[in-house]
Amino acid sequence: MKVKPDYAICELADLQKRQSLSFTLNVKDEVVAGFLVVTEQGFRAYKNSCPHWGVELNWKPDEFFNVDLTHLMCSVHGALFKPDDGECIFGPCVRQHLEPIPVTVIDGTVYYSEN
């Protein structure tokens, strides 16, 4: 697994103060738009794209959770996704998953990690 300093996303402490955080990176001439979410098992990263229409999930900057903070929610059609594995449990894309993004923590910083 390769990690480069220019692939730093945020400090882990900053993420832990929030529920979610969006980010955009340029990786090998490709723009990666994603988000990090705090879960019961730590945190996860996903591409910011609904499997139904490919639209961004967040309804305002860094806001991906529903009102109850129990599920990630698509801003367009209200599909609900489990934060721990990205599975859709309600809406037009039931049983589909958000696309995970590989990340790792080194010395308190969250990095995108190439496979």
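The values are calculated or read from the model by the stated rules, or taken from the named source; none is laboratory data. Every value quoted in this text rests on a predicted model; they were computed, and no experiment measured them. Ideal geometry is used to build each Cβ from the backbone, glycine not excepted, and the neighbour counts take in all protein chains shown.
Table: residues versus (1) in contact with a helix residue (DSSP H, G or I) (Cβ under 9 Å, 6 or more places away or on another chain); (2) modelled with pLDDT under 90; (3) under 22 Å from Thr104 (Cα atoms).
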{"site": "Ala13", "(1), (2), (3)": "no, yes, yes"}
{"site": "Thr24", "(1), (2), (3)": "no, no, yes"}
{"site": "Tyr46", "(1), (2), (3)": "no, no, yes"}
{"site": "Trp59", "(1), (2), (3)": "no, yes, no"}
{"site": "Met73", "(1), (2), (3)": "no, no, no"}
{"site": "Ile89", "(1), (2), (3)": "no, no, no"}
Residues of region 81-115 being charged (D, E, K, R) and part of a strand (DSSP E or B), in sequence order, are Glu87, Glu114
